[in-house]
Amino acid sequence: MIEYENLALVNKPFFEDFERSFRSTLERGWFILGENVSRFEREFADYCGVRHCVGVASGLDALVLSLRALELLPASEVIVPANTYIASILAIVLADLKPVLVEPDIKTYNIDPSRIEEQITDRTKAIMVVHLYGKPCEMDPIIDVKRKFGLALIEDCAQAHGARYKGTRVGGFGECSGFSFYPTKNLGALGDGGAVVTDNPEIAGKIGQLRNYGSAKKYYNERVGCNSRLDELQAGFLSVKLRKLDSVNAHKRKLAQIYLEGLKGDFIRPAVHADFFDTYHIFNIRHPQRDKLREYLLSNGVKTEIHYPVPPYRQQAMRGILTDGPYPITEEIHNTTLSLPISYGHTEAEIEGVVEIMNRF
């Protein structure tokens, strides 16, 4: 059986360094906002090419606190792709703002820049782009719209650690950007974790307070904050893995190339373009008989996933919050997409085997 993901196998090369980091943290006896968090924040800011990083408890919190730090008026509208994972939508709702859905580009699965302007009103205050599956968004036209209308820009980088658009790493385009370190990510912790990166020292300072009960000084609370801190153990593990992130991305790109070159033409493969350096957190194909294909692969020993079976506006939790559309491009993606095995723990031979099985379908 070829698993979709085996996190024990993915993390096995890091076990010895994890153990050293764990023992060092244990012996130091400081478990919240200590040396590990400060070090990782510096390292990850440098990696992303920005000045500031603030570690938080999850990718969702990274987006919520980013929006709160912008201090937008309640019910302000935030443009967001219609086919994103629901966390992007939840962040906007939890920040007391209104999500406005825009259809994606059918080739990239990211927000279609040409459709953003038609959804802008006098209540629109921000755009949240989502670098879905590890493919960076087409940022030049999005930044043009941002500047034209004086909007804030937030990047949801939860699936795109190390991805680049025209040579610039994601996370460096917006006022602030949220990352997730959920264990399956290319840079995954051994539990939940997240971070906000920004070039703006004022935003970094606000988020630093918001994550810690609204406090910059112990027992003195300047803001209405929450408890959302990246803990010392996870920060130590992330520093270990950050050193190998480019190698992880390179391995996944090599596996992606096997799919891109080997799969027959009736599988719709991810678009490739020189402007986009994809990191393939997810390698998705599309096929009109997606469900039958998935059953066929499982019967032949290959596990897959669907990212995502239900679009946000059809989720029960979003009734009365999101409009029902129509969103034909989003529906097409959700009804036909299938995610194939592509992890740091997979070998080239395994992926070649998946290609062989798929081409017999």
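The values are calculated or read from the model by the stated rules, or taken from the named source; none is laboratory data. Here the structure is a predicted model, which means the values were calculated and not measured. Cβ sites come from the backbone with ideal geometry, for glycine too, and all protein chains shown count toward neighbours.
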Residue selected from the stretch 95-124 under the condition part of a loop (DSSP other than H, G, I, E, B) and hydroxyl-bearing (Ser, Thr, Tyr), by the criterion farthest from Pro311 (Cα to Cα) = Thr121
request  = Kindly indicate whether any position in the stretch 227-234 is at pLDDT 95 or above, under 28 Å from Tyr4 (Cβ atoms) and part of a helix (DSSP H, G or I).
outcome  = yes
task = Go through the stretch 113-123 and give me each residue that's in contact with a strand residue (DSSP E or B) (Cβ under 6 Å, 6 or more places away or on another chain) and surrounded by 19 or more Cβ atoms within 10 Å (Cβ to Cβ).
result = Ile116
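Among what's in the stretch 241-258 and is more than 14 Å from Ala163 (Cβ to Cβ), of a type in the set (D, E, K, R) and not in a loop (DSSP other than H, G, I, E, B), pick the residue that is farthest from the chain's Cα centre (by Cα).
Taking the stretch 241-258 as the starting set, the residues that turn out to be more than 14 Å from Ala163 (Cβ to Cβ) are 241-244, 247, 251, 254-255, 257-258.
Imposing the further condition that a residue be of a type in the set (D, E, K, R) reduces the set to 241, 243-244, 254.
The next check asks that each one be not in a loop (DSSP other than H, G, I, E, B); those that pass are 241, 254.
Numbers: Lys241: 17, Lys254: 20 Å.
Residue satisfying both the conditions and the ranking: Lys254.
Only residues that are hydroxyl-bearing (Ser, Thr, Tyr) and free of Cβ contacts under 8 Å to residues at least 12 places away in the same chain: list them for the stretch 218-273, please. Even if it seems obvious, please write down each step before you answer.
From the stretch 218-273, those hydroxyl-bearing (Ser, Thr, Tyr) are 219-220, 228, 239, 247, 259; that's our starting set.
Once the filter is applied, which keeps residues that are hydroxyl-bearing (Ser, Thr, Tyr) and free of Cβ contacts under 8 Å to residues at least 12 places away in the same chain, the stretch 218-273 yields Tyr219, Tyr220, Ser247.
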note = Only one of (1) touching a Gly at 6+ places or on another chain (Cβ under 9 Å); (2) crowded, with 23+ Cβ neighbours inside 10 Å; (3) over 25 Å from Ala8 (Cα atoms) does not apply to Ile207, and that is (1)
inquiry  = Against the conditions (1) surrounded by fewer than 18 Cβ atoms within 10 Å (Cβ to Cβ); (2) assigned to a helix (DSSP H, G or I), where does Leu238 fall short? Just the number, please.
reply    = (1)
message = Condition first: in the same structural domain as Asn36 (by TED's automatic domain parsing), out of contact with any strand residue (DSSP E or B) (no Cβ under 8 Å at 6 or more places or on another chain) and aromatic (Phe, Trp, Tyr). Can you find one or more residues in the stretch 160-172 that meet it?
response = no
note = Those residues of the stretch 259-271 which are surrounded by 19 or more Cβ atoms within 10 Å (Cβ to Cβ) and either outside the structural domain of Asp291 (by TED's automatic domain parsing) or in a helix (DSSP H, G or I) (or both) amount to Tyr259
task = Would you please list the contacts, defined by Cβ atoms under 8 Å and residues six or more apart or on different chains, that run from a residue in the stretch 92-103 that is on the phi < 0 side of the Ramachandran plot and basic (Lys, Arg) to a residue that is surrounded by fewer than 17 Cβ atoms within 10 Å (Cβ to Cβ) and assigned to a loop (DSSP other than H, G, I, E, B)?
result = Lys98/Ala75; Lys98/Arg123
task = For the stretch 8-62, enumerate the residues that are in contact with a helix residue (DSSP H, G or I) (Cβ under 6 Å, 6 or more places away or on another chain) and of a type in the set (S, T, N, Q).
result = Ser21, Thr25, Asn36
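Here is a list: Glu43, Glu19. Which entry is over 30 Å from Val93 (Cβ atoms), assigned to a helix (DSSP H, G or I) and free of Cβ contacts under 8 Å to residues at least 24 places away in the same chain? If you could, list the steps in order and put the result at the bottom.
Details: Glu43 fails: free of Cβ contacts under 8 Å to residues at least 24 places away in the same chain.
That would be Glu19, the only listed residue that is over 30 Å from Val93 (Cβ atoms), assigned to a helix (DSSP H, G or I) and free of Cβ contacts under 8 Å to residues at least 24 places away in the same chain.
Condition check: farther than 22 Å from Ile333 by Cα, touching an Asp or Glu at 6+ places or on another chain (Cβ under 9 Å) and of a type in the set (A, V, I, L, M). Does Ala250 satisfy that?
Working: farther than 22 Å from Ile333 by Cα: yes; touching an Asp or Glu at 6+ places or on another chain (Cβ under 9 Å): no; of a type in the set (A, V, I, L, M): yes.
So Ala250 does not fit the description; no.
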